[in-house]
Structure formats: structure tokens, C-alpha cells
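Engineer: Let me give you the structure first, and then I'll get to my questions.
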Amino acid sequence: MKKDNTDLVEIFTDGACSGNPGVGGYGAILRYKGQQKELSGFEAETTNNRMELMAVIRALESLKRSCRVCVVTDSKYVVKGITEWIHNWKKNSWKTSGKKDVLNKDLWLNLLRLTEKYDITWQWVRGHDGHSENEKCDRLAREAINKCREMRLK
């Protein structure tokens, strides 16, 4: 039996950073029943991984009600972090297997809280490989970086 996708929200995300750390931006596309919404934002001093996480967080925060979601990202850090690593991090008091503090704990906690509200499927795609939505999210993230730079120059 084929799954009914009428209540499925597709979310495509990407993060970028100019320098790492440096000026960072994120982009997201949300698609539902033929409608599409684009989100983007920036931070003046951040890392690529933080922007990857922010893209997903901001997209999920923009949802109005509980639904099924498919998150498509080129970030193995996000996919593996939320589907594999986070369970041990929580069990080990937010320490890595190397006994170091988990980086970006604040964002992981926020993402974890959001995942409890939705039925989410996580899908990794290769970045810069012609995936149209991923390429668009990358452009949104880079445009956000440029906007941040312009604002700093004024």
C-alpha cells in the first residue's frame, strides 16, 4: 500500500560559512501541497555546523501544526547527530565518546525538542551534486552571508 503524502511537509536545508568560524548563513525551503516557502538568516560569527543546525531548527519552528516531515540536508553532521549520536550524548551527560563536551549543545537541545513535535524522516543528499533544492538552499545561505557583510559595512 502506498503511503499518503498529503500531509507531508518537505524541508530542504543548507548552511554555509565564510571562514570557520566566520560569517555564516543558512537557507531552507519548505514545501507543502504545492506551496513553497523560503527562509534564510545569518550570524556574524559562527561555524558551518551551527548554520546547518539553524537551517533545520528555523524551518521546523516555522511549522504551524503537527505533521509528517521529511528533512533533506547535505549535512551528515545533522543527520547522524540527530539519528545516532544524540542518544549516547544524552546518556553520557552531553559528552562525546572522547569525553569532551558536545559542541553546539544548545542547538542540539533545541532540535531535539522540536523533533518531539513531528514525525520526521531524515534524508542525506550529496552537496553540490546538482540536487536542485539543495543548490537553492546553498544560494540562500550564501546570499544571507553577503547581506550580513553589507550590513556590517554600513
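The values are calculated or read from the model by the stated rules, or taken from the named source; none is laboratory data. This structure is a prediction, so every number in the text was calculated from the model and none was measured. Cβ: placed from backbone, ideal geometry, glycine included. Neighbour counts: every protein chain shown.
Engineer: Tell me yes or no: at least one residue of the stretch 11-31 is crowded, with 22+ Cβ neighbours inside 10 Å, in contact with a Leu (Cβ under 7 Å, 6 or more places away or on another chain), assigned to a strand (DSSP E or B) and among the β-branched types (Val, Ile, Thr). Before the answer, list the steps.
Structural biologist: Start the filter on the stretch 11-31 by keeping residues that are crowded, with 22+ Cβ neighbours inside 10 Å, which leaves 11-17, 24-29.
If we keep only those that are in contact with a Leu (Cβ under 7 Å, 6 or more places away or on another chain) too, we end up with 11, 27-28.
Among the residues that remain, those that are also assigned to a strand (DSSP E or B) are: 11, 27-28.
Imposing the further condition that a residue be among the β-branched types (Val, Ile, Thr) reduces the set to 11.
Yes, there is a match, as at least one residue in the stretch 11-31 is crowded, with 22+ Cβ neighbours inside 10 Å, in contact with a Leu (Cβ under 7 Å, 6 or more places away or on another chain), assigned to a strand (DSSP E or B) and among the β-branched types (Val, Ile, Thr).
Engineer: Which ones in the stretch 130-154 are among the charged types (D, E, K, R) and in contact (Cβ under 8 Å) with a residue 40 or more places away in the chain? Working first, answer last.
Structural biologist: Within the stretch 130-154, the first condition is being among the charged types (D, E, K, R), and the residues that meet it are 133, 135-136, 138-139, 142-143, 147, 149-150, 152, 154.
Across the stretch 130-154, the qualifying residues are Glu133, Lys136, Asp138, Arg139, Arg142, Glu143, Lys147, Arg149, Arg152.
Engineer: Being acidic (Asp, Glu), surrounded by fewer than 22 Cβ atoms within 10 Å (Cβ to Cβ) and closer than 16 Å to Thr73 by Cα narrows it down to one residue among Glu43, Glu38; which is it?
Structural biologist: Details: Glu43 fails: closer than 16 Å to Thr73 by Cα.
One residue alone meets the criteria, Glu38.
Engineer: Still on this structure, I have one more. Glu116 is checked against (1) more than 21 Å from Phe12 (Cβ to Cβ); (2) of a type in the set (Asp, Glu); (3) buried (at least 19 other Cβ atoms within 10 Å of the Cβ) and fails just one. What number does that condition carry?
Structural biologist: (3)
Engineer: Additional query: How about the stretch 32-49: which of its residues are at pLDDT 95 or above and assigned to a loop (DSSP other than H, G, I, E, B)?
Structural biologist: If the condition is that a residue be at pLDDT 95 or above and assigned to a loop (DSSP other than H, G, I, E, B), then Thr47 is the only one that fits.
Engineer: If you check every pair at least six apart or on different chains, which have Cβ atoms under 7 Å apart with a residue in the stretch 80-92 that is within 13 Å of Thr115 (Cβ to Cβ) first and a residue that is surrounded by 13 or more Cβ atoms within 10 Å (Cβ to Cβ) second?
Structural biologist: Gly81/Trp108; Ile82/Leu111; Ile82/Thr115; Ile82/Trp122; Thr83/Trp122; Ile86/Trp108; Ile86/Leu112
Engineer: OK, next. So which residues in the stretch 61-112 are surrounded by 18 or more Cβ atoms within 10 Å (Cβ to Cβ) and among the hydrophobic types (A, V, I, L, M, F, W, C)?
Structural biologist: Of everything in the stretch 61-112, those that are surrounded by 18 or more Cβ atoms within 10 Å (Cβ to Cβ) and among the hydrophobic types (A, V, I, L, M, F, W, C) turn out to be Val69, Val71, Val72, Val78, Val79, Ile82, Ile86, Trp89, Val102, Leu107, Trp108, Leu111.
Engineer: Which ones in the stretch 73-113 are touching an Asp or Glu at 6+ places or on another chain (Cβ under 7 Å) and aromatic (Phe, Trp, Tyr)?
Structural biologist: The answer is Tyr77, Trp94.
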